[in-house]
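The values are calculated or read from the model by the stated rules, or taken from the named source; none is laboratory data. Here the structure is a predicted model, which means the values were calculated and not measured. Virtual Cβ from ideal backbone geometry, glycine too; neighbours counted across all protein chains shown.
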Amino acid sequence: MSRVILIFLDGVGLGEENPEKNPFFRYNFRFITDNFENVPSLTTQHLSTDDKEIFPVDANLDIDGLPQSGTGQVSLLCGMNASQFIGKHFGPFPYSLHQDTMKRENLFKAVKDMGLKSEFVNAYPQIFFDYLNKQKKRIGAFALSALFSDIKLKTQTDLENGEALSNDITNERWRTRLNLDIRLVQPEIAAERLLKISSVNDFTVFEYFLTDHIGHGRIKENLDTIYSELDAFLSSLLLQQDDETDILIISDHGNFEDISVKTHTRNPVFSMASGPNSGKLSHKINSLIDVKRTILELLKN
Ligand SMILES: [Zn+2]
């Protein structure tokens, strides 16, 4: 019986081997270098070991212009070409016309319809729920898909109880931006919590978007700290993963891999699969549209 953890990193593509532009070549990400002999780039898009693969995924979806999160994430979650559906890339939130499909066909719902259990581990602060009561539409595709599938969004209480993760992994931004009195969590502990939560689920999702913010130049300070926290989290997740779990790390469009421009890129998206089905995941996922179908196939076995 397979279990899948999806780690969604917003805005991470494969870029040039240029440390001036590409943080993958400026910072030593040990979740990559401890597991692979090379760092992935536009020239080295595929890397592979016994149980891990790094591979490129198309996010352009046969549509001109720069890919965006709304259409990219809906394509990933619903297995449809959301950009083609509306004739353009759109974001950061899902387009109104996508919502009917999302209600019917998002990945959380599909897993549920198979009689399996999924969980979305990101915690949201109370101000988010207040906003949600007023205007349900302008929220990210993952949260919206969870809501459409009657999957409860996690709260600050869940976060304090170790039953959820904050979207910055350590809770730092909950303290500094939201002024909430909440304890910091080491990235390694956050990884342990995620694995513990996932152990009672078939499908578990964590969404991280500081990578996209960094790519847009919205975060300029303490970048090495952010990199090291993300890296420690992913490294420890991969290290403690059991052999019944597949971890898929994937993104929705390029951005982070070229910090010399503040916009998204048309580069292929960075993806890593780790676990017993890593070969299958890398072989079958060529575009964002393939993610849903491939995960469902693993869960069926
Ligand atoms: Zn963006």
* **Tabulated pairs, the range 11-31, first in contact (Cβ under 8 Å) with a residue 60 or more places away in the chain and closer than 22 Å to Pro67 by Cα, second more than 16 Å from the ligand (Cβ to nearest atom) and of a type in the set (Val, Ile, Thr), C-beta under 8 angstrom, 6+ apart or interchain** => Phe24/Ile32; Phe24/Val39
* **Scan of the range 277-295 for residues that are touching a helix residue (DSSP H, G or I) at 6+ places or on another chain (Cβ under 9 Å) and in a loop (DSSP other than H, G, I, E, B), ordered by number** => Asn277, Ile285
* **Output for the range 11-22, where each listed residue is within 16 Å of the ligand (Cβ to nearest atom) and under 25 Å from Pro276 (Cα atoms)** => Val12, Gly13
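Yes/no per residue for (1) assigned to a strand (DSSP E or B); (2) out of contact with any helix residue (DSSP H, G or I) (no Cβ under 7 Å at 6 or more places or on another chain); (3) surrounded by 14 or more Cβ atoms within 10 Å (Cβ to Cβ):
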{"site": "Tyr27", "(1), (2), (3)": "no, no, yes"}
{"site": "Phe36", "(1), (2), (3)": "no, yes, yes"}
{"site": "Leu42", "(1), (2), (3)": "no, yes, yes"}
{"site": "Glu53", "(1), (2), (3)": "yes, no, yes"}
{"site": "Asp62", "(1), (2), (3)": "no, no, no"}
{"site": "Thr71", "(1), (2), (3)": "no, no, yes"}
* Report whether or not Lys134 is modelled with pLDDT under 95 and not hydrophobic (A, V, I, L, M, F, W, C). => yes
* Structure fact -> Here the residues within the range 1-10 that are within 16 Å of the ligand (Cβ to nearest atom) and either part of a loop (DSSP other than H, G, I, E, B) or farther than 23 Å from Ala191 by Cα (or both) are Asp10
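Taking the criterion of being farther than 24 Å from Leu296 by Cα, assigned to a loop (DSSP other than H, G, I, E, B) and within 16 Å of the ligand (Cβ to nearest atom), would at least one residue in the range 94-103 satisfy it?
yes
Residue by residue, here is whether (1) over 20 Å from Leu281 (Cβ atoms); (2) not acidic (Asp, Glu) holds:
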residue: His46; (1), (2): no, yes
residue: Asp64; (1), (2): yes, no
residue: Gly70; (1), (2): yes, yes
residue: Gly79; (1), (2): no, yes
residue: Leu107; (1), (2): no, yes
residue: Arg138; (1), (2): yes, yes
* Can Ile226 be described as in contact with a strand residue (DSSP E or B) (Cβ under 7 Å, 6 or more places away or on another chain), modelled with pLDDT of 95 or more and either within 23 Å of Leu77 (Cα to Cα) or aliphatic (A, V, I, L, M) (or both)? -> no
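Residues are listed down the side, and each one gets a yes or a no for (1) under 22 Å from Ser251 (Cα atoms); (2) in contact (Cβ under 8 Å) with a residue 24 or more places away in the chain:
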{"site": "Ala141", "(1), (2)": "yes, yes"}
{"site": "Ser145", "(1), (2)": "yes, yes"}
{"site": "Phe148", "(1), (2)": "yes, yes"}
{"site": "Leu153", "(1), (2)": "yes, yes"}
{"site": "Gln156", "(1), (2)": "no, yes"}
{"site": "Arg177", "(1), (2)": "no, no"}
{"site": "Arg183", "(1), (2)": "no, no"}
{"site": "Gln186", "(1), (2)": "no, yes"}
{"site": "Ser198", "(1), (2)": "yes, yes"}
* Structure fact -> Of (1) within 16 Å of the ligand (Cβ to nearest atom); (2) over 19 Å from the mean Cα position of the chain (by Cα); (3) at negative phi; (4) not β-branched (Val, Ile, Thr), Phe90 fails just (2)
* Asked: When you scan the range 234-268, how many residues do you find that are farther than 19 Å from Arg26 by Cα, away from the ligand (no atom under 16 Å from the Cβ) and not in a loop (DSSP other than H, G, I, E, B)?
  -> 10
* To do: Would you mind stating whether Asp231 is in contact (Cβ under 8 Å) with a residue 24 or more places away in the chain, part of a helix (DSSP H, G or I) and more than 18 Å from the chain's Cα centre (by Cα)?
  => no
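Where residues in the range 23-54 are of a type in the set (Phe, Trp, Tyr) and under 23 Å from His213 (Cα atoms), which of them is nearest to the ligand (Cβ to nearest atom)?
Phe24
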* To do: Check the range 129-136 and report whether any residue there is under 20 Å from the mean Cα position of the chain (by Cα) and either more than 16 Å from the ligand (Cβ to nearest atom) or without any contact (Cβ under 8 Å) to a residue 60 or more places away in the chain (or both).
  => no
